[in-house]
Amino acid sequence: MHLITHGRIKTDSGAKTGQLLLTDQSIFVLESAATGSATGGAVGGLVGYFIGRYFDRRKAKRNPPEHLQDLEIAGLEDKVREGLLTTRLIVKLPLNQNLNIKPTRLGFQFTIPGQPCVSYAGWAHKKKLLRFFADHGVHVDVT
């Protein structure tokens, strides 16, 4: 079982557009590496976006990112893995008792000793994430 949510990711290195991939064992914090679609959209509007996206995906298929080799991601469906082609792994956090999850106004803050602090802003996905954490027995610190 997995869950993918898109939103704004903030780490020690700054804020980025990205997504969270939650599996039974980990949280993968990913940033978008699709520069062609962003540039194409800014220059050519919707048509430019789709042309840039086509080039981003074609480039990523020739040289797939390393995180697709992770056993947890490799075990996912082809469609899910294909959606992760144009992403770059920022950090992988284990879903265990060491992970501290604190709700924020727009999302969550994830901290674990020895790893960078990760803030996720994706208000629309907040209930979905809370349900995922509850189903997996992961404690969310609401204090």
Exercise. What net charge do the residues around residue 111 carry, taking every other residue with its C-beta under 12 Å from that of residue 111, with Lys and Arg at +1 and Asp and Glu at -1?
Worked result: -1
Exercise. Is there a pair in 102/128; 61/102; 59/127; 16/128; 79/102; 61/126 whose C-alpha atoms are over 27 Å apart, and which pairs would that be?
Worked result: 61/102; 59/127; 79/102; 61/126
For this session: Could you please report the charge total around residue 130, scoring K, R as +1 and D, E as -1 over all other residues with beta-carbon less than 15 angstrom from its beta-carbon?
Result: +4
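How fast does segment 99-143 diffuse by Stokes-Einstein, in µm²/s, taking the Kirkwood radius from C-alpha pairs at 25 °C and 0.890 mPa s? The partial results should precede the final answer.
Details: Rh = 10.8 Å.
The estimated diffusion coefficient comes to 227 µm²/s.
In what sequence, largest accessible area first, do 67, 125, 6, 139 appear using a 1.4 Å probe? Spell out each step's value before the answer.
Details: 67 15, 125 40, 6 110, 139 135 Å².
If we order 67, 125, 6, 139 from most to least accessible, we get 139, 6, 125, 67.
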Seminar exercise, completed: Sorted list, accessible surface of protein heavy atoms, 1.4 Å probe, largest first, for 104, 86, 5 is 104, 86, 5
Exercise. Counting every Cα pair in segment 52-143, what percent are over 15 Å apart?
Worked result: 69 percent
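The values are calculated or read from the model by the stated rules, or taken from the named source; none is laboratory data. Quick caveat: nothing in here was measured; it's all calculated off a predicted structure. When we count neighbours, we look across all protein chains shown, and the Cβ atoms used for this are built from the backbone with ideal geometry, even at glycine. The accessibility values were calculated without ligands, DNA or RNA, using every heavy atom of the protein model including side chains. Shrake-Rupley method; radii C 1.70, N 1.55, O 1.52, S 1.80 Å.
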